[in-house]
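Each remark here refers to the structure printed beneath this line.
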Amino acid sequence: MVDVLAEATTSTSAPVAAAPRRGPGLTPYLFLAPYALLFLTFTLAPAAYGLWISLHDWDYLLPGKPFVGLDNYKALFSSTSPVFDFFWQSMQATGVFTVFSVPLLVAVPLGIALILNRSFKGRTVFRAVYFAPYVLGVAVIGVLWRFLLDPNLGAVNALLGAIGLPDSTAWTTGLPWAWVSLVGVTVWWTLGFNAVIYIAGLQDIPRELYDAAKVDGAGRWAEFRHVTLPGLRPVLLFVVINTILASSNMFGQAYLITQGAPGVETRTAIMYIAEEGLRSYRMGSAAAMSYLLTLALLLISMVTFRLFRTKD
Amino acid sequence: MKPHLSRRGLLGLGVGAGGAVLLGACGDDGPNPVVGGGQNAQPAATNYTGPNVALTFWNGFTGGDGPVMKALVDRFNSENPNIKVTMNVYEWADYYQKVPAAVSTGNGPDLGIMHVEQVATNAARGVVLPLDDVAASLQLKEDDFSPPVWRAGVYNNKRYAIPLDVHPLGMFYNKSVLEKAGLDPDNPPKTKDDYMKALDALKSKGVQGHWATPFPFTGTMQFESLTWQFGGQLFDEQASKPLFAEAPGVQALTWLTDLVKNGYSPKNVAQDADLIALQNGKAAFNWNGIWTINTLKGVKGLTWGVSALPTIGSQPAAWAGSHNFVQFKQRTPDANKLQAGKVFINFISKNSIEWAKGGQVPARKEIREGAEFKGLTEQAAIGSQIDNLHFPPSVPGIPDAMATIDTAINEAILLRKEPGKALADAAAKASQILEQNRKKYGG
């Protein structure tokens, strides 16, 4: 890339070396090129191809991939189709998880970031402690918590029993406990990431604003509302959108900890799409589901952007 | 060892599985459909004298069985200097997604292992080759194997798989727990009455004897075993409709669910908790796969035994899986490689007593009935069920329909739905899936 760049600068600037800057020219596009190439090859082209697949009865190994038009989409809205119940059940599961995990993943890390942003002894250690679980892969945390949360043999129920609380909660096999577990584990696992972003954001807020607020007689709460929150707005938008998208893509935790149980109540959309496409080889149907999920996420993201904008 | 792809099934796909659509992008139109006997129409020779060839052999033996197979492969390589077999191991779930994709791009392995219920699907999708010639030239016939195992590898009147082993369910029991409840640790229950008496005796000592698990491992396998015991079937022979929601299936699931309702099993048993409970002395019995032998051998201080499943219904029956050899379709068929592959299949099959030591029941009768296998006490105890084993019909896409059973078992054993209702709901779903499959595979 360095070579390309060097060449680019010489080829655009050398002949007109005497002239002052003459507009952006090719340079920005060259900077963009590597990314754009990857984006086109691995995101845009497959996405377009996926749209094409979703219009077919598609099994990549069968010679016939009949064109079915919008049938795969229609099936998702027809209550008599084999996919209808399962798909919407899985969308609901994704929705439930997102609704409960996002507020926690936005608020709790913010609180932690506020505390960790103050100066006290051992601050770095705490920062590391909160970030540490994020480093673990989903397989590790999944297996770990599946054992800890086992309703009959797990450490969590044993500890609760030891202090006189109910000791037979169905953490992984009953409702609403399965959701409590999945949300709880996810918050524990990922809050460090959002906290780090918040800390970076907090450090960008000019100290003078806090000084000015103090001069104006603002208390802690007023300081937070009128200085910290507005200062964090871009960071907050990033965290909210990112967390919504991440939560909507939840898959590994439910797959490993609850296996979608009880019944298929905790089988998320991604989990079902993967089963339909990769296990049952109905790629067309799975692609149609992916597009519906994508559409839903686009809408939610747009609404979120809107909400943040109207506050201005 | 994975019968359906349910457990940990899609894990290997990772978090980016939303890219289901992307997978379609990696091949062209796939290999040609299987027509006629094709390149395997002639009987194959039983030895290989051609130029040196290298074969790739993929399988999912990630557990204690991996090293056993590797040792067999090494022995084959040293005895056949003109053939070099290289073995690659993947998680089964990965394997079943990787292999078709690899075959479609022309990068597939030469040889592999498949579970019996996967064979028809992969045959219909043109991933594996017919192996009638191997059976013919090696003079393998039904008599050399057990009929259900041997027949399970046939799809559309052509053989696609040579069985290596069967891995049935057996009844594992904790001897010290039985003793504590005043039961004979060397004479585990064989009938329904004995079993219920044992569970009562255990219950009176505060032990929940049989943990009923709502998960496919091994709840679904227990349900399937019991359905056959009560004289039922999961599907009709052509898999035109599900039969698991009929009376025998309901009886089977009711019996399992009643274990929970009557306090013989705790509620809300989680994945693998039933086996852990057996090891911890919290349960007395666990109906689990033959692979559990090696797990339990590794537990220090545990005194345990294993026998055939007790007959709860009207006849003995047990769930079993089976590992089968397959040859994969190549872009450009290489007659030398195909023949060398067949020599390899025959070699491993003939030496499957070594394989049995890894915790399996050899599919070959002569080996199963030999003195050496009888010396493997645990394997032999489970292997005694060989004629009472059942396999799903050889119909493409059958694993998709079977997945609906997993959900019904889960709902019923977690006491969220009555057994009859759970099974009926699943059967309605399964009929739709079967119909979808018929349309897709032209059944």
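Can you pull the Kirkwood radius for segment B:150-252, inverse mean 1/r over Cα pairs, to one decimal in Å?
For segment B:150-252, inverting the mean 1/r across all distinct Cα pairs yields 16.5 Å.
So how do B:98-107, B:206-215 stack up, highest first, on mean other-Cβ count within 10 Å?
Working: B:98-107: 19.7, B:206-215: 23.7.
Going by the mean number of other Cβ atoms within 10 Å, highest first, we get B:206-215, B:98-107.
Just the Cα atoms of segment B:322-378, one point each, no solvent: what log10 I(q)/I(0) does Debye give at q = 0.15, 0.26, 0.28 Å⁻¹?
Taking Cα atoms of segment B:322-378 as identical point scatterers yields -0.52, -1.02, -1.12.
Just to check I understand the Karplus step: with θ = phi - 60° and J = 6.51 cos²θ - 1.76 cosθ + 1.60, what whole-Hz values come out for segment B:410-420, glycine and proline as x?
4, 5, 6, 6, 7, 6, 8, 9, 5, x, x
Tell me what chain A gives for mean residue ellipticity at 222 nm when only DSSP H runs of n ≥ 4 count, each as -39,500 (n - 2.57), the sum divided by the residue total, rounded to 500 deg cm²/dmol.
Computed ellipticity for chain A at 222 nm equals -21000 deg cm²/dmol.
If every alpha-carbon in segment A:44-203 counts as one equal scatterer, what log10 I(q)/I(0) does Debye give at q = 0.13, 0.16, 0.19 1/Å?
The calculated log intensity ratios at q = 0.13, 0.16, 0.19 Å⁻¹ are -0.89, -1.04, -1.16.
Compute the distribution of all C-alpha to C-alpha distances in segment B:108-186, in bins of 5 Å from 0, and list the percent of pairs in each, rounded to whole numbers.
3, 13, 20, 17, 11, 6, 5, 7, 7, 7, 4, 0
If you take the accessible area of A alone, add that of B alone, and subtract the area of the pair, what total do you get in Å², probe 1.4 Å, to the nearest 100?
4800 Å²
In the structure displayed, which of A:Lys74/B:Lys429; B:Lys329/B:Lys350; B:Lys350/B:Lys439; B:Lys241/B:Lys267 lie more than 29 Å apart, Cα to Cα? Don't skip to the answer; put the middle values down first.
Numbers: A:Lys74/B:Lys429 18 Å; B:Lys329/B:Lys350 24 Å; B:Lys350/B:Lys439 40 Å; B:Lys241/B:Lys267 32 Å.
Distance filter (> 29 Å) returns B:Lys350/B:Lys439; B:Lys241/B:Lys267.
What is the spread of the Cα atoms of segment B:180-314 along each of their three principal axes, largest first, in whole Å?
On the principal axes, segment B:180-314 reaches 49, 30, 28 Å in Cα extent.
Send over the Kirkwood Rh of segment A:51-117, from the inverse of the averaged 1/r over different Cα pairs, rounded to one decimal Å.
Hydrodynamic radius (Kirkwood, Cα only) of segment A:51-117 equals 15.4 Å.
Could you work out the helix-only [θ] at 222 nm for chain B, with each DSSP H run of four or more residues adding -39,500 (n - 2.57) and the total divided by the number of residues, to the nearest 500 deg cm²/dmol?
Helix contribution divided over all residues of chain B: -12000 deg cm²/dmol.
Scaled to the compact-protein estimate 2.2 N^0.38 Å, what is the alpha-carbon radius of gyration of chain B, rounded to two decimal places?
Relative to the rule-of-thumb radius for its length, chain B sits at 0.99.
Choose one of A:Trp145, A:Trp189, A:Tyr210: the residue whose Cα lies farthest towards the positive end of the charge dipole of segment A:83-218 (beta-carbon charges +1 Lys, Arg; -1 Asp, Glu; about the Cα centre).
Working it through, the farthest residue towards the positive pole turns out to be A:Tyr210.
If I take R0 = 51 Å and measure r between the Cβ atoms of A:Val108 and B:Lys70 in this structure, what FRET efficiency does the formula 1/(1 + (r/R0)^6) give, to the nearest 0.05?
Result of the calculation: an efficiency of 0.60.
Based only on Cα atoms, what mean projected area does the convex hull of segment A:198-269 have, in nm²?
Values: hull surface 26.7 nm².
Mean projected area of the Cα convex hull: 6.7 nm².
Other chains near B:259-272: what is the mean number of their Cβ atoms within 10 Å of each residue's Cβ?
On the way: counts 0, 0, 0, 0, 0, 0, 1, 4, 6, 13, 6, 16, 10, 4.
Per residue, the number of nearby Cβ atoms from other chains is 4 on average.
Non-local amide H neighbours of B:Thr56 (under 5 Å, H modeled in plane, Pro and chain starts lacking H): which ones?
When sequence neighbours closer than 5 places are left aside, the close amide H contacts are B:Thr86, B:Asp110, B:Leu111.
Given just the C-alpha atoms of segment B:31-185, how large is their convex hull per residue in cubic angstrom?
166 Å³
At a temperature of 37 °C and a viscosity of 0.692 mPa s, determine how fast segment B:203-278 diffuses translationally according to Stokes-Einstein, using the Kirkwood radius over alpha-carbon pairs as Rh; express D in µm²/s, rounded to the nearest whole number. Numbers along the way, then the final one.
Values: Rh = 13.2 Å.
This corresponds to a translational diffusion coefficient of 249 µm²/s.
What net charge do the residues around B:Ala403 carry, taking every other residue with its C-beta under 10 Å from that of B:Ala403, with Lys and Arg at +1 and Asp and Glu at -1?
In short, -1.
Please calculate how many Å² of accessible area the protein assembly as shown carries per residue, with a 1.4 Å probe and no DNA, RNA or ligand atoms counted. Walk me through the numbers on the way to the answer.
Details: 32120 Å² over 755 residues.
So the protein assembly as shown comes to 43 Å² accessible per residue, rounded to a whole number.
In bins 10 Å wide, starting from 0, what share of all Cα pairs of the protein assembly as shown does each bin hold, as a percent?
3, 12, 20, 22, 19, 12, 7, 3, 1, 0, 0
Any idea which of B:Asn324, B:Asn280, B:Thr407 is furthest toward the positive side of the dipole for segment B:278-419, if Lys and Arg beta-carbons carry +1 and Asp and Glu beta-carbons -1?
B:Asn324
Apply the membrane-span-like helix rule to chain A: whole DSSP H runs, Cα extent along the own long axis of at least 20 Å, mean Kyte-Doolittle hydropathy at least -0.5. List the helices found.
Flagged H segments are A:84-117, A:177-204, A:229-248, A:283-310.
Regarding chain A, what whole-number volume in Å³ per residue does the convex hull of its Cα atoms give?
Numbers: hull volume 77.1 nm³, N = 312.
Dividing the Cα hull volume of chain A by its residue count gives 247 Å³.
All other residues with a Cβ under 10 Å from the Cβ of B:Pro185 taken together, and with Lys, Arg as +1 and Asp, Glu as -1, what is their net charge? If you can, show how the numbers build up before the last one.
Values: positive: B:Lys175, B:Lys180; negative: B:Glu179, B:Asp184, B:Asp186.
Once all neighbours under 10 Å are counted, the net charge is -1.
For segment B:237-283, what ratio Rg/Rh do Cα atoms give with a Kirkwood hydrodynamic radius?
Working: Rg = 14.9 Å, Rh = 12.8 Å.
My calculation puts Rg/Rh at 1.16.
Using only atoms on other chains, find how many Cβ atoms lie within 10 Å of each Cβ of peptide B:420-429 and report the average.
Mean partner-chain Cβ count within 10 Å for B:420-429: 1.
If you put +1 on each Lys and Arg Cβ and -1 on each Asp and Glu Cβ, how big is the dipole of chain B around its Cα centre, in Debye rounded to 20? Please report the intermediate quantities before stating the final value.
Details: 42 positive and 41 negative charges, 112 e Å.
With only Lys, Arg, Asp and Glu charged at Cβ, the dipole is about 540 debye.
Report the convex hull volume per residue for segment B:302-353, counting only C-alpha atoms, in Å³.
178 Å³
Could you tell me what % of all Cα pairs in segment A:140-245 have separations over 17 Å?
Value for segment A:140-245: 66 percent of Cα pairs lie more than 17 Å apart.
Using only Cα atoms, figure out Rg for segment B:402-443 and give it as a multiple of 2.2 N^0.38 Å. Walk me through the intermediate numbers first.
On the way: Rg = 12.0 Å, N = 42, 2.2 N^0.38 = 9.1 Å.
Against the compact-globule rule of thumb, the ratio is 1.32.
With contacts defined as alpha carbon pairs under 8 Å and 6 or more residues apart, what's the relative contact order of chain A in percent?
On the way: 318 pairs, mean separation 81.2, N = 312.
Relative contact order comes out at 26 percent.
Per residue of B:181-193, count partner chain C-beta atoms within 10 Å of its C-beta, then hand back the mean as an integer. Working shown, then result.
Values: counts 0, 0, 0, 0, 0, 0, 0, 0, 0, 0, 0, 0, 0.
That average works out to 0.
Roughly to the nearest percent, how much of the accessible area of the protein assembly as shown is carbon and sulfur, given a 1.4 Å probe?
Solvent-exposed carbon and sulfur of the protein assembly as shown make up 60 percent of the total.
Taking the Cα centre of chain A as the origin, how large is its charge dipole in debye, to the nearest 20, when only Lys and Arg (+1) and Asp and Glu (-1) carry charge on their Cβ atoms?
Value, rounded to 20: 800 debye.
Given that compact globular proteins tend to follow 2.2 N^0.38 Å, what is the ratio of the alpha-carbon Rg of segment B:286-372 to that value?
This ratio for segment B:286-372 stands at 1.50.
Could you check the spin-label model distance between B:Arg151 and B:Ser314? Points 7 Å from the Cα along Cα→Cβ, value in nm.
Taking the simple label geometry, B:Arg151 and B:Ser314 are separated by 1.9 nm.
Where the only charges are on Cβ atoms (+1 Lys, Arg; -1 Asp, Glu), what is the dipole of the protein assembly as shown about its Cα centre, to the nearest 20 debye?
Taking the Cα centre of the protein assembly as shown as origin, the dipole is about 1560 debye.
If we count every other residue with Cβ under 13 angstrom of A:Ile112's Cβ, Lys/Arg +1 and Asp/Glu -1, where does the sum land?
Here the count lands on +3.
Identify, among B:Leu256, B:Met69, A:Asn72, the residue whose Cα sits farthest towards the positive end of the charge dipole of the protein assembly as shown, taking +1 on the Cβ of Lys and Arg and -1 on the Cβ of Asp and Glu, with the dipole about the Cα centre.
Ranked along the dipole, the leading option is A:Asn72.
What percent does the relative contact order of chain B come to when contacts are Cα pairs within less than 8 Å and at least six residues apart? Working shown, then result.
Numbers: 854 pairs, mean separation 108.9, N = 443.
Relative contact order, chain B: 25 percent.
The values are calculated or read from the model by the stated rules, or taken from the named source; none is laboratory data. Source: prediction; values computed, not measured. As a convention, Cβ positions derive from the backbone with ideal geometry for all residues, glycine included, and neighbour counts pool all protein chains shown. Areas reflect the complete protein model, heavy atoms only, side chains present, ligands, DNA and RNA absent. Shrake-Rupley method; radii C 1.70, N 1.55, O 1.52, S 1.80 Å.
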